[in-house]
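Single-structure report; data block below.
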Amino acid sequence: MKYPNYIQTLSSYIAGKPIDEVARQFNIKPEHIIKLASNENPRGMPEKAKQAILHYLSNIHTNDNAETARYPDANQFNLRQALSKKLNVSAQCLTFGNGSNDILELIVRTLIDPNTDSVMYDEYSFMVYGLATQSIGAPAQIISSMNYAHDLYAMLQAINDKTKIVFIANPNNPTGTFIHGNDLHAFIQSIPKHVCVVLDEAYHEYLPDNLYYNSIDWLKKFDNLIICRTFSKAYGLAALRIGYCVASTEITDYLNRLRQPFNVNSLALIAAQSAITDDEFLHTTRMHNTLGYQQITAGLQKLNVEYIPSYANFIMMHSKEHDLNQKLLQQGIIIRPLHSYGLNDYIRVSIGLEHENAAFLIALSSVLRKK
Ligand SMILES: *Cc1c(COP(=O)(O)O)cnc(C)c1O
């Protein structure tokens with residue numbers, strides 16, 4: 001079989017290892033394994049979302065016409081109405097996806113003509129930007145980071161007639177860095193109108209009050225802005241796969257033409273609809289995350305491990321320890337090595353529950369002391 005050149009050179013996304021896989025590989029009981037690899041919410045999902053799912057599933061026992069036999073609502077009416085109210089945007093500005101990953105790909109396929117357009121992103125930014133770009137054979141403009149953060153000035157300088165999309169992750173994954181709302185706003189303002197800024201706010205909910213900015217408001221001014229968010233991180237629905245973007249009605253209309261009609265499943269729809277009513281849950285999640293961040297960074301300082309200050313629910317750290325990932329896996333700790341991002345001596349650790357963070361620090365300290 002002949003594959004296009006750009007497909008032949010594509011490598012698949014490396015995800016954090018599942019617990020069961022590590023259990024089999026290292027012969028450890030799954031309940032003794034701690035996963036801090038994929039930035040999920042360690043506290044699970046909001047209680048209301050749980051109740052909504054259980055109620056929905058109870059149909060399976062009581063009703064021959066179980067709702068799970070039906071296709072999901074292709075227009076996602078209920079969630080669309082609820083979220084449009086919550087965000088104070090028109091329902092026609094929302095696009096839902098099978099995770100925001102689905103949306104990121106959809107945006108690239110909708111906007112990019114690989115013969116004429118290129119996609120710009122930071123060298124240490126979310127992998128999916130590069131994968132989506134390469135999957136359609138489009139050229140990428142990869143911009144060097146400055147202190148592990150997006151270099152907005154360099155990005156602005158590098159924009160040319162071909163540049164069609166600029167991806168900005170704020171806070172950024174895997175580095176955890178953050179661009180202040182004012183700087184971001186100024187950046188979008190100075191960008192030519194033919195360029196679409198895709199602002200990926202997967203970790204937006206984790207921002208402390210003093211750094212919070214309302215990007216949704218900016219959509220009134222900028223019709224070349226797309227804001228992507230997800231239910232996978234702070235909302236604790238990673239397994240259900242649901243994310244969304246907010247954009248102009250024009251962009252949304254085009255995205256909808258390419259979107260698979262049933263791209264979001266029914267369970268994800270009802271869970272998300274309940275999840276957005278639970279502000280208390282988000283508040284507690286943020287508080288736990290702040291405490292966990294203090295716990296882990298205090299431990300790292302004791303161990304003399306350098307880390308990049310993070311504004312999200314994970315921390316990127318530096319260590320030259322040989323095979324660190326493997327040594328942590330042997331102790332049942334799953335973290336995310338970052339060589340696939342070109343960050344060879346770095347790992348990323350998600351902030352977990354207190355006992356999980358403690359277990360990580362103990363394992364790390366035992367690895368680093370055995371020299
Ligand atoms: C986790 C993540 C996403 C996507 O997550 P989904 O589960 O597909 O919604 C998108 N962008 C960034 C930067 C992420 O870290």
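The values are calculated or read from the model by the stated rules, or taken from the named source; none is laboratory data. Everything numeric here is computed off the predicted structure, so don't read it as measured data. With ideal geometry, Cβ positions are generated from the backbone for all residues, glycine too; neighbour counts draw on all protein chains shown. Areas reflect the complete protein model, heavy atoms only, side chains present, ligands, DNA and RNA absent. Shrake-Rupley method; radii C 1.70, N 1.55, O 1.52, S 1.80 Å.
Measuring nothing but protein heavy atoms, the accessible surface of segment 273-360 at 1.4 Å probe radius is 49 percent carbon and sulfur.
In terms of the mean number of neighbouring beta-carbon atoms within 10 Å, the peptides 223-235, 41-53 order highest first as 223-235, 41-53. Taking every pair of alpha-carbon atoms in segment 302-371, give the share separated by more than 20 Å as a whole percent. It works out to 21 percent of all Cα pairs. Pairs to check: K86/K164; K35/K233; K2/K162; K35/K327; K48/K233; K86/K193. Give those whose C-alpha atoms are more than 24 Å from each other in this structure. The pairs that break the limit, which is 24 Å between Cα atoms, are K86/K164; K2/K162; K86/K193.
The amide H of Q141, built 1.01 Å from its N in the peptide plane, has V119, M120, Y121 as neighbours under 5 Å, considering only residues 5 or more places off or on other chains. Local charge for S100 was computed over the other residues whose Cβ lies under 11 Å away, with Lys and Arg +1 and Asp and Glu -1, and equals -1. For the chain, the average shadow cast by the Cα convex hull is 20.4 nm², which is a quarter of the hull's surface. Based on Cα contacts under 8 Å between residues 6+ apart, segment 235-368 shows a relative contact order of 21 percent.
Counted as membrane-span-like here are DSSP H helices of the chain whose alpha-carbon atoms extend 20 Å or more along the helix's own axis and whose Kyte-Doolittle mean is -1.0 or above; these are 47-62, 279-302, 354-369. Couplings for segment 335-352, taken from phi via the Karplus curve 6.51 cos²θ - 1.76 cosθ + 1.60 with θ = phi - 60°, read 10, 10, x, 10, 5, 5, 8, x, 10, 5, 9, 10, 10, 10, 10, 6, 6, x Hz in order; Gly and Pro are left as x. Calculated mean residue ellipticity at 222 nm for the chain: -12000 deg cm²/dmol, from DSSP H runs with n ≥ 4 weighted as -39500 (n - 2.57), summed, divided by the residue count and rounded to 500. Classify segment 44-155 as rounded, prolate or oblate from the Cα gyration tensor: take a ≥ b ≥ c as the square roots of its eigenvalues, call it rounded if a/c is under 1.5, otherwise prolate when a/b beats b/c and oblate if not. Verdict is prolate for segment 44-155.
Here the chain is treated with +1 on each Lys and Arg Cβ and -1 on each Asp and Glu Cβ, and its dipole about the Cα centre works out to around 560 debye. For the chain, the antiparallel share of DSSP beta bridges with both residues in that region comes to about 50%. Taking packing as the residue-averaged number of other Cβ atoms within 10 angstrom, the listed peptides 24-30, 76-82, 270-276, 186-192 run from highest to lowest as 270-276, 76-82, 186-192, 24-30. For G236, the amide hydrogen comes within under 5 Å of the amide hydrogens of N41, counting only partners 5 or more places away or on other chains and with H modelled in the peptide plane. For the chain, the residue among S58, V166, A140 whose Cα projects farthest onto the positive side of the dipole built from Cβ charges is S58.
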